[in-house]
Amino acid sequence: MTRKVTDFIVVGSGIAGLMTALSLGGSGQVILLTKAREEESNSYRAQGGIAAAIGEDDSPELHRQDTLRTGAELCDPGSVDVLVEMAPQTIQLLTKWGTRFDRDGDRWALGREGSHSVSRILHIAGDATGAGITSSLLEQVRNHSNIRFITHTMVADLIVSEGACRGVVTVDEDRGPVYYMARKGVVLATGGCGQVYRYTTNDLVSTGDGFAMARRAGAALMDMEFIQFHPTALAVEQNPMFLVSEAVRGEGAFLVNDQGEAFMERYHEWKDLAPRDVVSRAIFSEMQAGRKVFLDAGQIGSRFAERFPKIYRECRKYGIDPARSLIPVTPAAHFVMGGIRTDVYGRTTLPRLFACGEVACTGVHGANRLASNSLLEGAVFAQRVAAELSSYTDQSIGVPGVLVPALCKDKQTEDSWKQQIKEIMWNHAGIVRSAQGLKEGILKLRKLREQIPAGFFECNNMLTSAQMIMEAALWRQESRGGHYRYDYPEPIPEWSQKHNVI
């Protein structure tokens, strides 16, 4: 048995994992684990930016109101207060750690996105905010003497004994299981589960590993029915799909159908800058009526290439000139508002296990996330997790009593199973849902479960995450935020106080 002991274990290399590791580095030895390359995360792919009330016409209170309104009466107000109050100082910390946000003269350059009442979105290189932040954090991590960064290593499960999390067990293709034991505690920062859907903007690594591990370990999860579908992924066949940032609409682009109609005024008074769930359903409705949907960025014109260089290059790759041509778009699974239930310090219901970032459910997003609050959530709550966990005394490590199967390597078979999960989820638990469709989907997932051996870790984690989403969506008999049931098309006031805790 290979057994390694450290003070802290952090799983995941997005903004939440990197910020947590750096914030813990001064308090002890940190092992940071990620299953692929350092840069493979949704954080790295993030375009639009990070929200913070730092403009002259802005305030944390205004940011708070926008977050609560978008969350459709399901946010935890205490968590939202932490998020918006810590946002300005978090931007300063990121800047101190080498992040170079775009400037407009001697001020921050601030963009506007859907459901924000003012411009408060900081960005980097126009539309490469995630890459800019994570690259600077990765540089800090590489140079930190107390952080050991291990890539291409799959965390198979949590090690739990005597009612507390003691560590994790990993597998890779070249050796047997390795048991990493934590004197203080374990932090899951594994991101979301967008890859359970046929169409997603999420990185290939986003297979719901953290949700599934927490479920197996007995930690509580909450609000898994709330999936945010980003309205405007570039409508070309690829996985993951390329995101056309909401900031493009913030700069004046608008949606049109193939009849040339700017249709959003039929769906919401805020038109193209309505909340994401509204815009996604509007596009879905147009598509269901047999119409194709496009983004008209002609108003931005020649400025497009400078303001959105990354999006511009991707469009040109497919023969689209955003300054002159319509950009074909489609909704795609983007973010899960639910996750492992935590308090405002990232503590889960399992002692010594913490969660941070998209894998966590702090209650800050409610039923629908406000644009650009995701990078902010990871950065803010990482600091809270580290402050709490660094105060813990050492626990007894004990002997890991976890047996894991060998890693299965049949990629063709695995890809086939993954594709089946994606199709089931898109068809039965997508943008518009119903009791009949969800029940059919649950039965299909159960049958699939019987076929997949334990050694296909990602497949099984995807299945577990998919089942939790389906069952939670069947339970919530109303429509709210990112969860829409056509058999219960309206929000019901009594459900605003109800959370589905698994």
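The values are calculated or read from the model by the stated rules, or taken from the named source; none is laboratory data. Because the structure is predicted, anything quoted here is derived from the model rather than measured. Cβ sites come from the backbone with ideal geometry, for glycine too, and all protein chains shown count toward neighbours.
Structure values in brief
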quantity	calculated
Selection from region 64-82 of residues that are of a type in the set (A, V, I, L, M, F, W, C) and either without any contact (Cβ under 8 Å) to a residue 60 or more places away in the chain or assigned to a loop (DSSP other than H, G, I, E, B) (or both)	ALA72, LEU74, CYS75
Hits in region 279-319 - residues which are of a type in the set (A, V, I, L, M) and surrounded by 18 or more Cβ atoms within 10 Å (Cβ to Cβ)	VAL279, ALA282, ILE283, VAL293, LEU295, ALA297, ILE300, ALA305, ILE311
Which numbered condition TRP426 fails, given (1) under 29 Å from ALA472 (Cβ atoms); (2) assigned by TED's automatic domain parsing to the domain that holds ARG175	(2)
Any pair with Cβ under 8 angstrom, 6 or more apart, that starts in region 479-495 at a residue that is in a helix (DSSP H, G or I) and ends at one that is not aromatic (Phe, Trp, Tyr)	TRP495/ARG476; TRP495/GLN477; TRP495/GLU478; TRP495/ARG480
Set GLY441, GLY437: member being closer than 21 Å to ILE283 by Cα and not assigned by TED's automatic domain parsing to the domain that holds SER206	GLY437
Options ALA189, ALA220, ALA182, ALA212: the member that is touching a residue at least 12 places away in the same chain (Cβ under 8 Å), buried (at least 22 other Cβ atoms within 10 Å of the Cβ) and farther than 17 Å from GLY17 by Cα	ALA212
Tabulated pairs, region 13-36, first assigned to a loop (DSSP other than H, G, I, E, B), second aliphatic (A, V, I, L, M), C-beta under 6 angstrom, 6+ apart or interchain	GLY25/ILE147; LYS35/MET154; ALA36/VAL205
Single unsatisfied condition, VAL196 versus (1) surrounded by 24 or more Cβ atoms within 10 Å (Cβ to Cβ); (2) hydrophobic (A, V, I, L, M, F, W, C); (3) under 22 Å from GLU377 (Cα atoms)	(3)
Matching residues, region 334-385, being basic (Lys, Arg) and touching a residue at least 60 places away in the same chain (Cβ under 8 Å)	ARG341, ARG352, ARG369, ARG384
Flag for VAL10 being in the same structural domain as GLY132 (by TED's automatic domain parsing), outside any helix (DSSP H, G or I), of a type outside the set (Phe, Trp, Tyr) and modelled with pLDDT of 95 or more	yes
Filter pass, THR464 being under 23 Å from the mean Cα position of the chain (by Cα) and closer than 26 Å to GLU162 by Cα	yes
Hits in region 389-430 (condition: more than 30 Å from LEU24 (Cβ to Cβ), touching a helix residue (DSSP H, G or I) at 6+ places or on another chain (Cβ under 8 Å), in a helix (DSSP H, G or I) and among the hydrophobic types (A, V, I, L, M, F, W, C))	TRP417, ILE421, ILE424, MET425
Residue match in region 163-179 (condition: free of Cβ contacts under 8 Å to residues at least 60 places away in the same chain, out of contact with any Asp or Glu (no Cβ under 7 Å at 6 or more places or on another chain) and within 26 Å of ARG303 (Cβ to Cβ))	no
Unique match (being in the same structural domain as ASP209 (by TED's automatic domain parsing) and either part of a loop (DSSP other than H, G, I, E, B) or crowded, with 24+ Cβ neighbours inside 10 Å (or both)) among GLU39, GLU85, GLU61	GLU39
Which numbered condition ALA247 misses (of (1) among the aliphatic types (A, V, I, L, M); (2) touching a Leu at 6+ places or on another chain (Cβ under 7 Å); (3) in contact (Cβ under 8 Å) with a residue 60 or more places away in the chain)	(2)
Yes/no for ASP127 being without any contact (Cβ under 8 Å) to a residue 24 or more places away in the chain and over 16 Å from THR6 (Cα atoms)	no
Count - residues of region 98-109 that are within 23 Å of the chain's Cα centre (by Cα) and either hydrophobic (A, V, I, L, M, F, W, C) or not assigned by TED's automatic domain parsing to the domain that holds ALA367 (or both)	1
Among the residues listed as LEU158, LEU122, the single one being in contact (Cβ under 8 Å) with a residue 12 or more places away in the chain, surrounded by 20 or more Cβ atoms within 10 Å (Cβ to Cβ) and touching an Asp or Glu at 6+ places or on another chain (Cβ under 9 Å)	LEU122
Helices (runs of 4 or more DSSP H) contained entirely in region 265-383, each with at least 1 residues that are under 19 Å from SER115 (Cβ atoms) and either β-branched (Val, Ile, Thr) or assigned by TED's automatic domain parsing to the domain that holds THR95 (or both)	276-288
Looking only at region 42-66, and only at residues there that are modelled with pLDDT of 95 or more and of a type in the set (Gly, Ala, Ser), the one that is nearest to GLY208 (Cα to Cα)	ALA51
Check on ILE91, β-branched (Val, Ile, Thr) and touching a strand residue (DSSP E or B) at 6+ places or on another chain (Cβ under 6 Å)	no
Of residues in region 223-273 being among the polar types (S, T, N, Q) and in contact with a strand residue (DSSP E or B) (Cβ under 6 Å, 6 or more places away or on another chain), the one surrounded by the most Cβ atoms within 10 Å (Cβ to Cβ)	THR232
Residues of region 1-19 that turn out to be buried (at least 24 other Cβ atoms within 10 Å of the Cβ) and either basic (Lys, Arg) or out of contact with any Phe, Trp or Tyr (no Cβ under 8 Å at 6 or more places or on another chain) (or both), as a count	8
